[in-house]
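Below is one structure, written out as structure tokens, with a few remarks after it.
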Amino acid sequence: RRWAEQAAEVGAHGVLARPPDGPAARPADVVAHYREVAAVGLPVVAHNEPHETRLDLTPDLLATIAEIDGIVAVKEVTGDVRRLHRLRDLCPHVDVLVGADDVVLELVLCGAAGWVATLPNALPRQAVHLYELCAARDLDRALPLYAELHPILGWASRPESVQAVKLAMECAGRFGGRCRPPRGPLSGPAVDRVRRDVLRALAAPADPASGARPG
């Protein structure tokens, strides 16, 4: 709650809140955690990334959390497309935000309200263009672009995601910088794979009909 208060003090418009850290909490403890965060008065986006937090905000648990005033959305990182449909059935007033880059087309087409993305750090124009095509349900243009971008999108769902994104940024002419310890840089075949995936994405035509590429 104190962190949410600090965010409000400096003018934040909302907070992205993970479940409680430490040993796995009981459902009632998770609900109490979000009730405290939401009590600050900022809109709250629940962050569901169970392979990082060791706690899964299942659709049933999220439906209970969504009863708290101020819970407005969930960033869904599991990659399970079926969860979107379950969440929309259980708590239709809560927006679902794509948190796994490699299912962005599937989730946006099915009604996800946004994308909390990793790819734009390296390839912002390509990522925004893909999202706009998905939101417009322009499958004739979105599917070919998605196929070309999907290899690099997939790195965000791997254990080496931080290293891969930083390397992808460097490959795209941006500053990625070093990883904070204990993460070390990628090496060997993984480096070559990321470089190939970035080059493939950079070469992807934005519009298959015209051959135009994002600027």
- Message: Scan segment 55-71 and tell me whether some residue there is in contact with a strand residue (DSSP E or B) (Cβ under 6 Å, 6 or more places away or on another chain), open to solvent by 60 Å² or more (accessible area, probe 1.4 Å) and either modelled with pLDDT under 95 or not in a loop (DSSP other than H, G, I, E, B) (or both).
- Response: no
- Could you list, in sequence order, the residues of segment 30-54 that are open to solvent by 60 Å² or more (accessible area, probe 1.4 Å) and not in a loop (DSSP other than H, G, I, E, B)? Arg35, Glu36, His51, Glu52
- Between a first residue in segment 176-204 that is more than 17 Å from Ile152 (Cα to Cα) and free of Cβ contacts under 8 Å to residues at least 24 places away in the same chain and a second residue that is assigned to a helix (DSSP H, G or I) and of a type in the set (Val, Ile, Thr), which pairs have beta carbons less than 7 Å apart while being 6 or more apart in sequence or on different chains? Cys179/Val162; Arg183/Val162
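Would it be correct to say that Ala8 is assigned to a helix (DSSP H, G or I) and more than 12 Å from the chain's Cα centre (by Cα)?
Yes, satisfied.
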- Message: Please go through (1) modelled with pLDDT under 95; (2) open to solvent by 80 Å² or more (accessible area, probe 1.4 Å); (3) not hydroxyl-bearing (Ser, Thr, Tyr) for Pro208 and return the number of the only condition it doesn't satisfy.
- Response: (2)
- Which pairs do you get when a residue that is more than 15 Å from Ala73 (Cβ to Cβ), found in segment 18-46, comes within reach of a residue that is of a type in the set (D, E, K, R) and open to solvent by 80 Å² or more (accessible area, probe 1.4 Å), reach meaning Cβ atoms under 7 angstrom, with the pair 6+ apart or on two chains? Ala24/Arg54; Glu36/Arg1; Ala39/Arg1; Val40/Arg1
- Task: Run Ala164 past the list (1) open to solvent by 50 Å² or more (accessible area, probe 1.4 Å); (2) in contact with a Phe, Trp or Tyr (Cβ under 6 Å, 6 or more places away or on another chain) and report the number of the one that doesn't hold.
- Result: (1)
- Item | The listed residue being hydrophobic (A, V, I, L, M, F, W, C) and touching a strand residue (DSSP E or B) at 6+ places or on another chain (Cβ under 6 Å), out of Leu87, Leu105 | Leu87
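The values are calculated or read from the model by the stated rules, or taken from the named source; none is laboratory data. This structure is a prediction, so every number in the text was calculated from the model and none was measured. Every residue, glycine among them, receives a Cβ derived from its backbone with ideal geometry; neighbour counts consider all protein chains shown. Only protein heavy atoms, including side chains, enter the accessible area calculation; ligands, DNA and RNA are left aside. Shrake-Rupley method; radii C 1.70, N 1.55, O 1.52, S 1.80 Å.
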